[in-house]
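Following: one structure in structure tokens, then a few remarks.
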Amino acid sequence: VAQLIAGNWKMFKTAKETISFCSALRARLEPVEGVDVVVCPPYTSLDEAVGVLAGSGIEVFAQNAHWAAEGAYTGEVSPPMLAELGVTGSLVAHSERRQLLAETDESAAQRIGGVLDAGLRVIACVGETEVEREAGETEAVLRRQVEAVRAAVEAGDRPRLTVAYEPVWAIGTGRTATPEQAEEAHALIRGILDVPILYGGSVKPENAEELLSQPDVDGALVGGASLDVESFASICETAASLSRL
Ligand code: PGA
């Protein structure tokens with residue numbers, strides 16, 4: 001099975017920057033073979049990304065979505081609005097949203113339901129903080145988060161669900177989980193919910209191969225290194241070469 005490499009741009013790249021980035025990425029990667037590639041731009045760049053990447057096989061996901069199809073929720077964006085643009089999925093419950101923007105297991109579960117109901121795919125993010133890891137709570141935290149995700153998804157929708165394990169202490173810090181730490185967490189998650197599991201947290205061209213070659217690692221969610229065409233493309237190529245083995 002092909003690995004999935006998703007680029008989480010966070011709050012980076014204007015619409016204009018998106019057009020030049022996506023044109024260059026497409027030119028660099030085409031034909032995209034042996035790897036599933038997703039980019040997650042900010043809302044204001046989604047339309048441009050979908051337009052430039054149409055027909056390339058590179059998919060465009062949002063970084064978040066509200067759970068309702070429409071309603072009095074000032075400032076929010078709904079899954080059907082995303083679907084109409086040609087967006088094919090959304091991240092849900094990224095740790096920055098859990099930590100800074102009041103995301104909980106409950107709101108994550110609602111979002112997952114809304115996104116799946118609109119026919120879109122979900123990458124649901126889980127992961128322990130440094131304090132939790134040091135207190136020996138990693139397993140309990142992952143179990144709680146992953147069980148909330150599992151409960152939100154009907155069996156028939158499971159093929160559209162991916163989980164991303166992102167230890168919070170490894171995000172944007174340059175500190176990556178060791179391949180053994182990643183594998184241990186992925187195996188635990190797979191025991192609760194058997195869907196593709198991405199690793200995220202300071203993935204770069206230099207460490208992609210050792211992380212992606214772990215048996216329970218099915219791809220990567222890449223933040224900082226996804227903002228540069230060359231480094232993101234190089235991680236995609238590493239994934240493609242592993243799927244050929
Ligand atoms: P990072 O971010 O690769 O910059 O650590 C990963 C993420 O937050 O998804």
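The values are calculated or read from the model by the stated rules, or taken from the named source; none is laboratory data. Values in this document were obtained by computation on a predicted structure and should not be read as measured data. FYI the Cβ positions are ideal-geometry reconstructions off the backbone, even for glycines, and counts take in every protein chain you see. What goes into the accessible areas is simple: the full protein's heavy atoms, side chains included, and nothing from ligands, DNA or RNA. Shrake-Rupley method; radii C 1.70, N 1.55, O 1.52, S 1.80 Å.
Residues in the range 169-199 near a label at Glu134, defined as backbone nitrogen under 19 Å from the 7 Å Cα→Cβ point? Zone members listed by number: 169-178. How high is the FRET efficiency between Arg175 and Glu209 when r is their beta carbon distance and R₀ equals 22 Å, given to the nearest 0.05? The formula returns an efficiency of 0.75 here.
The range 197-223 and the range 124-149 have Cα centres spaced 18 Å apart. Distance between the 7 Å Cα→Cβ label points at Leu100 and Glu184: 2.9 nm.
Calculated accessible area for the range 91-131 comes out at 38 Å² per residue, all protein chains present (probe 1.4 Å; ligands, DNA, RNA ignored). Alpha-carbon geometry of the range 1-92: the Rg and the Dmax are 13.3, 43 Å, given in that order. Using alpha carbons only, the radius of gyration of the range 61-179 set against its Kirkwood radius gives Rg/Rh = 0.99. Every helix of 4 or more DSSP H residues in the chain counts as -39500 (n - 2.57), and over all residues that averages to -13000 deg cm²/dmol at 222 nm.
With protein chains left intact and a 1.4 Å probe, residues in the range 197-245 average 37 Å² of accessible area per residue.
Considering all alpha-carbon pairs of the chain, what whole percent are spaced by more than 34 angstrom?
The answer is 9 percent, as a whole percent.
Taking square-rooted eigenvalues a ≥ b ≥ c of the alpha carbon gyration tensor, is the range 126-209 rounded, prolate or oblate, where a/c under 1.5 means rounded and, failing that, a/b exceeding b/c means prolate? Here the range 126-209 falls in the oblate category.
First compute the accessible area of the range 144-245 with a 1.4 Å probe, then give the percent of it belonging to carbon and sulfur atoms. Of the solvent-accessible surface of the range 144-245, carbon and sulfur hold 48 percent.
Using the average count of surrounding beta-carbon atoms within 10 Å as a protection proxy, the listed peptides 136-145, 122-131 rank, highest first, as 122-131, 136-145. Could you bin all the Cα-Cα distances of the range 168-245 into 10 Å bins starting at 0 and give me the percent of pairs in each, rounded to whole numbers? It works out to 20, 53, 26, 2, in whole percents. Across the range 198-233, the residues whose backbone nitrogen lies under 11 Å from the label position 7 Å along the beta-carbon direction of Glu17 are 227-228.
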